[in-house]
1. Within the stretch 394-405, track down each residue that is free of Cβ contacts under 8 Å to residues at least 40 places away in the same chain and outside any loop (DSSP other than H, G, I, E, B).
2. Only one of LYS322, LYS387 is among the basic types (Lys, Arg) and either under 24 Å from CYS267 (Cβ atoms) or at pLDDT 85 or above (or both); which?
3. Across the stretch 130-150, which residue is surrounded by the most Cβ atoms within 10 Å (Cβ to Cβ) among those that are polar (S, T, N, Q) and more than 35 Å from the chain's Cα centre (by Cα)?
4. Whether any residue in the stretch 117-128 is among the aliphatic types (A, V, I, L, M), within 39 Å of the chain's Cα centre (by Cα) and more than 30 Å from LEU31 (Cα to Cα) is what I want to check.
5. Based on what the data block shows, is TYR152 hydroxyl-bearing (Ser, Thr, Tyr) and either outside the structural domain of GLU60 (by TED's automatic domain parsing) or farther than 18 Å from ILE48 by Cβ (or both)?
6. From GLU43, GLU47, GLU67, grab the single residue that is buried (at least 18 other Cβ atoms within 10 Å of the Cβ), touching a Lys or Arg at 6+ places or on another chain (Cβ under 9 Å) and either acidic (Asp, Glu) or farther than 18 Å from LEU131 by Cα (or both).
7. Considering only the stretch 111-149, state which residues are part of a loop (DSSP other than H, G, I, E, B) and either in contact (Cβ under 8 Å) with a residue 60 or more places away in the chain or not assigned by TED's automatic domain parsing to the domain that holds PHE65 (or both).
8. Quick one: would you say TYR93 is surrounded by 14 or more Cβ atoms within 10 Å (Cβ to Cβ), under 21 Å from SER144 (Cα atoms) and in the same structural domain as HIS159 (by TED's automatic domain parsing)?
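The values are calculated or read from the model by the stated rules, or taken from the named source; none is laboratory data. Given the structure is predicted, the values throughout are model-derived calculations rather than measurements. Virtual Cβ from ideal backbone geometry, glycine too; neighbours counted across all protein chains shown.
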Amino acid sequence: MNAEYKKAAEKLLCGITDKRLHEPTIWNDILSSARSGKLRLWEINDEILRIKYFCKEKIERASAFTESDKSGVRFDDLNAYFVEAIKSQDKGYFGAFIRAYEPVLQSRAERFVAHYNLSADDTEDIKQIFLETLWFAFLDYDNSDPIPLLQYTKKAAHHKQLDYIRTTKNACTVPTQNGYNELRKVMGIYNSNPEIPTVERIALIVKETGFTEEKVTEFIAIGKATEYPISIAPTEDDEEELDGAISDELIEDPSISLFKEAWRNICRDYFRTAADKISPKDKQIISLSLGVCFDCFGIFKPSTYAEIAMKQGASGEKSIEKKRKTAIEKIAKELCALGFCDGVTSKQTDMVLVKEDGEKKVQSVTYAYTPYGEGEAGEIIHTIIGKHRFQIIRLAEFDVTGAYAEQVTKIIGYMNGNFIKEKFYAIPLEELSKVNKHNAKPKLPFYKKPRTIEQK
């Protein structure tokens, strides 16, 4: 089993929502089949698995068919293949249809792959999805029905092919087809108007779709996280092919947050990658102390420092506590390197003490700070006695808006008088985006502009 299959299978397994499929015996069988590679990726979804485990009548119906060589059979009417197959209970006619229909099937699969910016390797999967959909529909087909079987199958197969994209070809998983259709509509408008600012694009999308601003923002975040952003922009041809599926489709579970579900999968990928980059011992310390497996993200009872020390043969609890702090800093830096978050290093450079009522107290403390990466450090003074205030001596080289300086003041404030000598802190990206949006001066209490050389 290759790594690509394993990664995609894990993502798809997280999307199985049917409670009946999560019954221990069934779920263990599904996991076993996925781990051995017996399950094809497109089969790892609620619908196909429900048929496999709960639709025994269909399976029995399929087993009742014999199969003889019908390679020489040719019908002008494509539906005749299915009618004859049902009359004679011979699926050889179904095989004859596949041979006759192969050129059309190949052409449509290639067009689908090109339209959605997939790789040529996906063509066979797209064809297989169509044929499997056709086969299951065939098992329920009434050969006296005046409507051809292909008419029933077209839309259903198209939706399953779109499911294939949303669940296996994107960096995040979108839980429902209806949600995916909405996502495609939003990103279609977004990508079609690159010349206008994001705020105006969001307003335009709200106006044209009727979605809330919050929902549109969530969709855009997910859309930007996809591996194939071009593929989720719908066209007029695509909407015609769906034939009203967007309006007619019901959301499977409206309580599910599309963004939260997608974001969870993205976070897992980032943390799994970052955890793999630190040493096995450091990874074990973090995993055991948090009670989280970084491979499957299963949760278990956290271990004490003493228990971890015993497992690793360490000298004692304090040793593990120290190693844990170092390990967390390492994984934070790896997450920064992956672009998941940002960070800043603060280093105490000076501390002024005064005697007050016979006791030594901290009058002020000075910290140098450096945003993640390189560049000259900035410097901040925090005065404690009297009115608490922060003063920027100089901004860091890559802190043009003072956003990092503002975060450092918060960090110093959280120390609550226990001034740490030196530490690296991870900062969520959204925290930096919310400050100094207009390149304004940092919002520091008692902020004083840095003095120039002339002023000094």
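1. Selection gives ALA403, ALA405.
2. Within the list LYS322, LYS387, the selection yields LYS322.
3. Here is the first cut: in the stretch 130-150, the ones polar (S, T, N, Q) are 133, 143-144.
Filter again for more than 35 Å from the chain's Cα centre (by Cα), leaving 143-144.
Numbers: ASN143: 14, SER144: 7.
My answer is ASN143.
4. Kept after step one, since they are among the aliphatic types (A, V, I, L, M), are these residues of the stretch 117-128: 118, 120, 126.
Keeping just the survivors that are within 39 Å of the chain's Cα centre (by Cα) gives 118, 120, 126.
From the residues that got through so far, the ones that are more than 30 Å from LEU31 (Cα to Cα) too are none.
Within the stretch 117-128, none of the residues are among the aliphatic types (A, V, I, L, M), within 39 Å of the chain's Cα centre (by Cα) and more than 30 Å from LEU31 (Cα to Cα).
5. On the way: hydroxyl-bearing (Ser, Thr, Tyr): yes; either outside the structural domain of GLU60 (by TED's automatic domain parsing) or farther than 18 Å from ILE48 by Cβ (or both): no.
Judged against the criteria, TYR152 is not a match.
6. GLU43
7. Scanning the stretch 111-149 gives TYR116, ASN117, LEU118, ASP140, ASN143, PRO148.
8. yes
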